[in-house]
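The values are calculated or read from the model by the stated rules, or taken from the named source; none is laboratory data. Source: prediction; values computed, not measured. Positions of Cβ are generated from backbone atoms using ideal geometry, with glycine treated the same way; all protein chains shown enter the neighbour counts. Side chains included, ligands, DNA and RNA excluded: accessible areas come from the protein's heavy atoms. Shrake-Rupley method; radii C 1.70, N 1.55, O 1.52, S 1.80 Å.
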Amino acid sequence: MTVSTLTIRPYAGEADLPRLVAIFNAVAEADGLHDRRSVEQLAAWYATPTAHLDPGRDILVAEEDGRPIGYGRHSWVDTTDGLREHRVFVFAVPDRRDALEPLMNALEARVAEAAAEQDAAGPDGAAGRRRVLGTFVPDTQAWRKDAFTRRGYAPVRWGFEMVRPNLDAIEVPPLPDGLELRPVEGRAGLRRLWDADVEAFRDHWGGFDDSDEAFEAWLAEPDLDPSLCVVAWDGDEIAGAVINAINAHENGLIGQQRGWLDSVFVRRPWRRRGLAAALVARSLVLLRERGLDSAVLGVDAENPTGALGVYERAGFAVVSRDVNLRRPWPPEGMDR
């Protein structure tokens, strides 16, 4: 087979979800990664078009003779370092990694289209921000990393995946004075938790979609369980929280029982008082009570709030590294 027989087509909606999941999980298994996806997860993420990602235009599928062999995705965010980053991700089954190049070509054409539409919107388009292309890749996936570096992407930042290999002997420090743990209740409570999380991460490198549509997608995630959220309150204000998750589908596929500390945050007025350590420890106890035997989280290697040290003291250790890559846009010689 040659690349010349390969075709790139738009995402076809729900019918494509099992195919995308199969591709992602095949890649992860071949590369020894633990991450797995489910149809329900992708359905929540891609159910509704947003200003940042329109599945019908921003997801592309590579096929050969009717067999999906890869896919790619484009989205954009305004980053905390003042850029508009058009993010590009590509995946291809292990025996057809040659699909990456045509997928990346098609995705860059989509970036050009999206950028032109934003510019045509006038002052509210790109809000005067310089554009870049961006992605992130596990360091161990050299074949994906190399596909980007050949196109001029360069490392700009690293992130760590950290694991606590057991949930034994958890030291639980006291909560700072004046704070108490209370659950979040109902949709309104989850919205307050979402908004507090968004505010806290304004201080962190990178960017994310904090739109109302993104909140709705989060509510629809199959692993969202409000009873797993450990939330510290100062009166009527959320001071900080850990949003924990149990991905039962992933655990079943990889044969482990681990929980995710999906988001750990403390809002600025309550930092430097030991709150993060107290919340992380209580999260580990909660996960143990739910029958899990290990925990995992991700962290920016240069996190400005000292999170890496908090996690190390809580028994986590770095097991892998992701690299964030960027490239200027538009490419040299292309009109903006």
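Listing for the model above:
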quantity	calculated
Residues of region 46-95 that turn out to be among the β-branched types (Val, Ile, Thr) and either part of a strand (DSSP E or B) or more than 17 Å from ASP210 (Cβ to Cβ) (or both), as a count	7
Segments classed as strands (runs of 3 or more DSSP E), wholly inside region 237-336, with at least 3 members that are touching a residue at least 12 places away in the same chain (Cβ under 8 Å), of a type outside the set (Lys, Arg) and open to solvent by 30 Å² or more (accessible area, probe 1.4 Å)	317-328
Looking only at region 114-125, and only at residues there that are loosely packed, with under 12 Cβ neighbours inside 10 Å and in a helix (DSSP H, G or I), the one that is modelled with the lowest pLDDT	ASP124
Residues of region 72-99 satisfying the condition of being within 25 Å of ASP31 (Cα to Cα), open to solvent by 10 Å² or more (accessible area, probe 1.4 Å) and more than 17 Å from the chain's Cα centre (by Cα)	VAL93, PRO94, ASP95, ARG96, ARG97, ASP98
Options ALA30, ALA47, ALA12, ALA62; residue that is under 18 Å from LEU107 (Cα atoms) and surrounded by fewer than 16 Cβ atoms within 10 Å (Cβ to Cβ)	ALA12
Pair list, Cβ < 6 Å and 6+ apart or interchain, from region 20-41 residues that are of a type outside the set (A, V, I, L, M) to residues that are part of a helix (DSSP H, G or I) and open to solvent by 40 Å² or more (accessible area, probe 1.4 Å)	ARG36/LEU253; SER38/HIS249
Residue in region 164-184 that is surrounded by fewer than 16 Cβ atoms within 10 Å (Cβ to Cβ), part of a helix (DSSP H, G or I) and of a type in the set (D, E, K, R) present	no
Hey, GLY128 in contact (Cβ under 8 Å) with a residue 12 or more places away in the chain, loosely packed, with under 15 Cβ neighbours inside 10 Å and on the phi > 0 side of the Ramachandran plot or not	no
Positions within region 141-163 being open to solvent by 60 Å² or more (accessible area, probe 1.4 Å) and part of a loop (DSSP other than H, G, I, E, B), in sequence order	ARG150
Residue check for GLY134: at pLDDT 95 or above and within 23 Å of LEU33 (Cα to Cα)	yes
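Condition check ((1) modelled with pLDDT of 95 or more; (2) assigned to a helix (DSSP H, G or I); (3) within 20 Å of the chain's Cα centre (by Cα)) across all residues:
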residue	(1), (2), (3)
ARG9	yes, no, no
LEU17	yes, yes, yes
LEU20	yes, yes, yes
VAL27	yes, yes, yes
ARG37	yes, no, yes
